[in-house]
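Engineer: To start, I am sharing the structure in question, which I have written as structure tokens.
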Amino acid sequence: MNVKKIMVAAGFAVLSFGTFGVQQASAHSYTYWLHPHWVTVTKTTTIAKNKNTYPLYKSYTVKEYKVYPGHHLKVHHAASYDWVVESGKFNTSSHYTYAVERGSGTSWFKQGIHKLASKKKAPKKSVPKYKSFHGYRIENLKDDDAANAFYHKDTHTTLSDYAPTDTSKVIFPYGSHVIPTNHEWYYMPDNSNTLTVYRYYGGAWHNEGTSSDQ
């Protein structure tokens, strides 16, 4: 779908209110949809992520997403798009606009939040839980909660439940970019009051000593 559907003049937008209003659910006028309202998707629908530019007619699509029956969205009308999304990861901002690729009609959703009798879910993708990360592992999914090694940018150190030599056990959080060997590694076992410092040099990790607060 061509996302560059710009209303060139404000007068055209005003004249269009009556036409679009007829197509909305009878309970609400076109002006009702000028503000975001929650809907439940009833038909598989594509949402385009559009990069906002100036002038606006030069905006372009950078990515597309599929949403399936049962998905909830907060949508409204805008001068440049039939339906703009303002919820969840489809959160329109000054940089990007998330637009529904279904024209101005309402047949693809049901007003309000509903639990559909037969909810079709998006096909599950087989995504590995971890990726390789400088000889260790790193979470491959943003919502994972298995990380046990964290880089502290203020002190330029890594704090972990495991020693840097326990490569099979160490897991860094999603989105980490630090190179572990470039910084000190603080090993503090779970439920322990001891802290062991490791430094990397000469191609290997070296134990620099252990302290305790007991």
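Engineer: Over segment 64-191, consider all pairs of different Cα atoms and compute the Kirkwood hydrodynamic radius from their mean reciprocal separation; express it in Å, one decimal.
Structural biologist: 18.5 Å
Engineer: Find how much the distance from H35 to H134 grows on full extension, using 0.36 nm per residue of separation minus their present alpha carbon separation; answer in nm with one decimal.
Structural biologist: Gain in length upon complete extension: 30.8 nm.
Engineer: Hand me the trypsin sites (Lys or Arg not before Pro) from segment 129-214 located in a DSSP loop with no more than 11 other Cβ atoms within 10 Å, in residue order please.
Structural biologist: K129, K142, K153
Engineer: Where a Cα-Cα gap under 20 Å defines reach, which aspartates and glutamates qualify for K131, not counting those fewer than 8 residues away within the same chain?
Structural biologist: By straight Cα distance, K131 reaches E139, D143, D144, D145, D161, D166.
Engineer: If you don't mind, another one. For segment 130-212, max minus min Cα coordinate along each principal axis, in Å, sorted largest first?
Structural biologist: Sorted largest first, the three principal extents are 35, 31, 26 Å.
Engineer: Let me ask you something else. How big is the gap, in Å, between the Cα center of segment 136-214 and the Cα center of segment 24-103?
Structural biologist: Answer, in whole Å: 43.
Engineer: Then there is this: Along the Cα→Cβ direction, 7 angstrom out, place labels at S93 and Y65. What is the inter-label distance in nm?
Structural biologist: About 1.3 nm, to one decimal.
Read-outs throughout are calculated quantities, based only on the coordinates presented, and are distinct from any laboratory measurement. Just so it is clear, the structure is predicted and the values come from calculations on it, not from any experiment. Positions of Cβ are generated from backbone atoms using ideal geometry, with glycine treated the same way; all protein chains shown enter the neighbour counts.
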